[in-house]
Amino acid sequence: MTSVLDKPIKAPAFQGVGLRRRFTDLTATVLVTLSVLVALVPLVWVLWTVIARGLPALMSQTWFTHSLSGLSASAEGGGVYHALIGTLLQGLVCAALAVPIGLFVAVYLVEYAGNSKLGKLTTFMVDILSGVPSIVAALFIYALWIATFGFPKSAFAVSLALVLLMVPVVVRSTEEMLRIVPNDLREASYALGVPKWKTIARIVVPTALPGIITGVMLALARVLGETAPLLILVGYAPFINFNLFGGEMGTLPGVMVAEMNNPTDAGSNRIWGAALTLILLIAILNIIAKVIGHFASVRNK
């Protein structure tokens with residue numbers, strides 16, 4: 001005989017998943033998986049094509065140690081040492097100018113702006129700047145730096161144009177990283193009598209530093225492959241030029257543009273080799289950013 005105490009007071013809350021819900025969940029899983037596979041197909045295809053066609057050029061012993069100076073269009077050999085140096089120089093100058101500006105703007109928007117008119121105007125201008133095409137940025141720098149101020153075409157002018165493209169990306173990524181820092185950390189610091197500026201410098205920014213570094217590297221990767229500023233603000237040179245303020249300078253995108261009209265196999269090898277080198281350069285920068293961000297997060301723990 002079953003006792004009254006042995007009977008459940010009410011039905012269990014979990015009744016099991018019905019057939020319709022299981023079918024819906026399976027359908028959603030299949031659709032999401034297929035979407036990921038469809039997105040991966042062109043990515044893998046592009047990577048495979050670039051690696052297959054550009055790897056022979058990278059296997060050359062002179063690819064990273066020589067320039068293309070003195071070589072004819074059909075001559076084999078040479079390398080992209082000059083273009084690699086030019087790309088790195090322009091990227092470093094661009095980062096040196098864009099990162100502090102983007103960081104300070106993001107700190108202002110998150111920590112100081114609130115609902116002020118200046119904060120809303122700044123956000124609006126960052127949104128507009130993030131959608132500006134690279135050729136428009138190049139034309140603006142040409143009109144201001146070269147036509148108005150009278151400076152010559154140079155790699156530094158290219159870096160200035162890249163700054164306009166990099167700043168909004170740095171601002172947006174840094175702003176999001178600062179917003180996810182818990183307010184409890186700020187309030188605890190204020191409760192101990194720490195000034196706001198020191199709280200931001202010693203607590204908020206170090207906490208968000210791994211994400212900020214990742215955003216900076218993504219922004220730098222975006223601008224390293226831009227071609228329009230190179231065509232408008234500086235000419236391509238097949239030799240090494242370390243002068244950022246005068247003379248033509250070779251870059252990896254410049255190599256691809258210069259060899260585009262070269263119908264020989266040597267030109268095709270240089271184009272694919274430069275493309276693969278640019279991809280490897282961006283990958284190395286992102287790996288360095290991940291390592292720096294990992295050590296920064298470990299240090300903050």
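The values are calculated or read from the model by the stated rules, or taken from the named source; none is laboratory data. Quantities reported herein were computed from a predicted structural model and do not represent experimental measurements. Because the Cβ atoms are built from the backbone with ideal geometry, glycine has one as well, and the counts that use them run over all protein chains shown. For accessibility, only protein heavy atoms count, side chains too; no ligands or nucleic acids. Shrake-Rupley method; radii C 1.70, N 1.55, O 1.52, S 1.80 Å.
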Check: Using mean Cβ contacts within 10 Å as the protection proxy, how do 206-213, 129-136 order, highest first?
Finding: 206-213, 129-136
Item checked: Between helix 117-130 and the chain: long-axis angle, C-alpha atoms, 0 to 90°, nearest 10 -> 60
Checklist line | Accessible-area ranking of E111, E76, largest first, probe 1.4 Å | finding: E76, E111
Next item on the list: Note the direction-averaged projected area, equal to a quarter of the hull surface, for the Cα convex hull of the chain, in nm².
Entry: 27.6
Check: Once you charge only the Cβ atoms, +1 for Lys and Arg and -1 for Asp and Glu, what is the size of the charge dipole of the stretch 145-301 about its Cα centre, to the nearest 20 debye?
Finding: 660
Check: If the limit is 32 Å between Cα atoms, which of K153/K290; K196/K290; K117/K153; K117/K196; K153/K198 go over it?
Finding: K153/K290; K117/K153; K153/K198
Checklist line | Cα convex hull of the stretch 205-301, projected area averaged across orientations, nm² | finding: 7.6
Item checked: For the chain, size of Cβ-based charge dipole, Lys and Arg +1, Asp and Glu -1, in debye -> 1120
Notebook entry, point to check: Ignoring ligands, DNA and RNA, what percent of the accessible area of the chain is carbon or sulfur (1.4 Å)?
Noted result: 70
Notebook entry, point to check: Can you tell me the Rg and Dmax of the stretch 147-196, counting just the alpha carbons, in angstroms?
Noted result: 19.5, 54
Notebook entry, point to check: Quick one: if you stick a label point 7 Å off each Cα along the C-beta vector at K198 and A39, how many nm between them?
Noted result: 4.5
Check: In square angstrom, what is the accessible area per residue of the stretch 49-184 with a 1.4 angstrom probe?
Finding: 51
Margin query: Rounding to the nearest 10 and keeping the result within 0 to 90°, find how far the Cα-based axis of helix 19-58 lies from the longest principal axis of the chain.
Written below: 20
Item checked: FRET efficiency, L31 to R222 (Cβ-Cβ, R0 22 Å, nearest 0.05) -> 0.15
Checklist line | Degrees, to the nearest 10: 155-179 long Cα axis against longest axis of the chain | finding: 10
Check: So how many Å³ per residue does the convex hull of the Cα atoms of the stretch 134-257 work out to?
Finding: 125
